[in-house]
Amino acid sequence: MHNILVIDDESITLKMTKAGLERLGYKVAIFSRPNEALSYFKEKHNELDLIMTDKSMPKMNGVELVKRMREINQTIPIFVLTGFASNEDDISLRNAGITDILYKPLSMREIADKIKEILD
């Protein structure tokens with residue numbers, strides 16, 4: 001069973017993503033606050049197989065979160081989900097060490113396909 005960490009400041013999005021991924025057989029930990037997710041990641045990064053994080057969050061955005069995670073673990077796949085696309089944002093995300101950018105709105109099928117592509 002693969003372990004996935006999902007970070008998003010919208011609780012509805014978190015709950016729906018968790019339910020969908022668990023139906024597909026993944027074990028999912030969710031956090032709405034990036035600082036709490038980072039603390040969890042520091043303790044559990046060796047047990048995690050994939051990270052999915054929103055780009056736009058209060059107090060710590062996805063780029064900063066990814067940079068801090070990469071200081072701890074440079075190899076774990078990290079996807080950033082965003083509703084806003086710009087070349088400048090894409091470049092800063094890629095420079096932070098993300099694996100891929102997924103653009104909202106996304107279906108659970110699109111998310112599942114991307115996870116399967118990376119983990120299989």
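The values are calculated or read from the model by the stated rules, or taken from the named source; none is laboratory data. Predicted, not measured: the structure shown is a model, and the values here were computed from it. Cβ sites come from the backbone with ideal geometry, for glycine too, and all protein chains shown count toward neighbours.
Kindly check whether there is at least one residue in region 30-39 that is more than 16 Å from Ile98 (Cβ to Cβ), modelled with pLDDT under 95 and in a helix (DSSP H, G or I).
No, there is no match, as no residue in region 30-39 is more than 16 Å from Ile98 (Cβ to Cβ), modelled with pLDDT under 95 and in a helix (DSSP H, G or I).
For Met1, the requirement of being surrounded by fewer than 15 Cβ atoms within 10 Å (Cβ to Cβ), within 15 Å of Ala112 (Cα to Cα) and not small (Gly, Ala, Ser) is met.
Within region 75-88, being of a type in the set (A, V, I, L, M) and either surrounded by fewer than 18 Cβ atoms within 10 Å (Cβ to Cβ) or free of Cβ contacts under 8 Å to residues at least 12 places away in the same chain (or both) holds for one residue alone: Ala85.
Screening Ile72, Ile91 for residues that are more than 23 Å from Lys15 (Cβ to Cβ), over 14 Å from the mean Cα position of the chain (by Cα) and surrounded by 12 or more Cβ atoms within 10 Å (Cβ to Cβ) leaves exactly one candidate, Ile72. Filtering region 45-57 to residues that are farther than 14 Å from Ser92 by Cα, surrounded by fewer than 21 Cβ atoms within 10 Å (Cβ to Cβ) and of a type outside the set (A, V, I, L, M) leaves His45, Asn46, Glu47, Asp49. One residue alone among Met60, Met16 is of a type in the set (A, V, I, L, M, F, W, C), surrounded by 15 or more Cβ atoms within 10 Å (Cβ to Cβ) and over 13 Å from the mean Cα position of the chain (by Cα), and that residue is Met60. Do you know which of the residues in region 21-44 that are touching a strand residue (DSSP E or B) at 6+ places or on another chain (Cβ under 9 Å) and within 14 Å of Ile111 (Cα to Cα) is surrounded by the most Cβ atoms within 10 Å (Cβ to Cβ)? Once the filter is applied, the top-ranked residue is Leu21.
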